[in-house]
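Sending over a structure as structure tokens; questions will come in a sec.
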Ligand SMILES: O=c1[nH]c(=O)c2[nH]c(=O)[nH]c2[nH]1
């Protein structure tokens, strides 16, 4: 029987790495969970018993640490990801492309008595910063930055009305509800950028547009509308941003009607499933609809 090897790749998933940089008395720390994927001329390994010239996934794991050691200056996960991907393409003639994915734990410097600590960190948020970096044999570099799992909630300034009603619809219009989500975002830059600063600016833009001003907030008529406003704010504040993908599950807090009292926007049934799932890609320039990063 004929069988064709249409596509193949091999890599190492979830190599965990900690990296300290000491700059005088001030230390910096990153924790990265790194995955590598090599596209290489290895069809023979699938079709015959030969492993000749194969970069073992164990070697890939070791290289994650080797390249981290080589990054002697403090660097962003994007810069590290590109350096790691480039290493494989440059070192192994049979490797034509390398893709690196990184999830960074949000270790954040602590303050003690109002003073930034020189070497103390705590996990500062729910989100993981994400990087996808790819380098091919022609030297083409692709970087996608983002985060996943940024949990946000508003107790008011959210509603949902005038949606289609038919015999399957139970949900009532409301001008008052809790809106909660766990944001996943990814974006591409045009041209070079200071990755760490651009990441913070973009994340703040998304968060600020979700919440609105501190005292008054901003009304959300739907997760869809809010998602678009958030993306617009990110494009506005980060000029190098080309396009942004946002996924925002609608995590429902359902009004609770205990038998003893009535619901007064106070007691809810907290849920995790099912959730709504709302996502879109928003671009600075007009492109084909439905483009997804
Ligand atoms: O903001 C919302 N968007 C929806 O698409 C939707 N669907 C739903 O049941 N509730 C909501 N809320």
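Readers should treat all values here as calculations from the given coordinates under stated rules, not as data from a laboratory. Since this is a predicted model, take the numbers as computed values, not measurements. Because the Cβ atoms are built from the backbone with ideal geometry, glycine has one as well, and the counts that use them run over all protein chains shown.
Cα centroid distance between the stretch 88-106 and the stretch 144-167, in Å?
Comparing the Cα centres of the stretch 88-106 and the stretch 144-167, I get a distance of 35 Å.
Give me 155, 48, 201 ranked fewest to most by other Cβ atoms within 10 Å of their Cβ, as a rough exposure proxy. All intermediate terms of the calculation are to be shown ahead of the outcome.
Numbers: 155 15, 48 9, 201 18.
Fewest-to-most ranking of 155, 48, 201: 48, 155, 201.
Now for a separate question. Helix 223-237 sits at what angle to the longest principal axis of the chain, using alpha carbons and giving 0 to 90 degrees rounded to 10?
The angle comes out at about 50 degrees.
Can you pull the one-decimal nm distance between simple spin-label points at residue 260 and residue 278, each 7 Å off the Cα toward Cβ?
Output for this residue pair reads 3.5 nm.
So if we plug the beta-carbon distance of residue 116 and residue 141 into 1/(1 + (r/R0)^6) with R0 = 30 Å, what FRET efficiency do we get, rounded to 0.05? Working shown, then result.
Details: r = 34 Å, r/R0 = 1.12.
After rounding to 0.05, the efficiency reads 0.35.
Extension gain residue 16-residue 153, at 0.36 nm per residue separation less the Cα-Cα distance, in nm? The partial results should precede the final answer.
On the way: separation 137, 0.36 × 137 = 49.32 nm, distance 3.05 nm.
Here the answer is 46.3 nm.
Could you give the angle, 0 to 90 degrees to the nearest 10, between helix 77-91's Cα long axis and the longest principal axis of the Cα atoms of the chain?
30 degrees
Report, in degrees rounded to the nearest 10, the 0 to 90 angle that the Cα long axis of helix 57-70 makes with the longest principal axis of the chain.
The two axes meet at around 80 degrees.
Rounded, prolate or oblate, given the Cα gyration tensor of the chain, with a/c below 1.5 counting as rounded?
Details: a/c = 2.18, a/b = 1.55, b/c = 1.40.
It comes out prolate by the Cα gyration axes.
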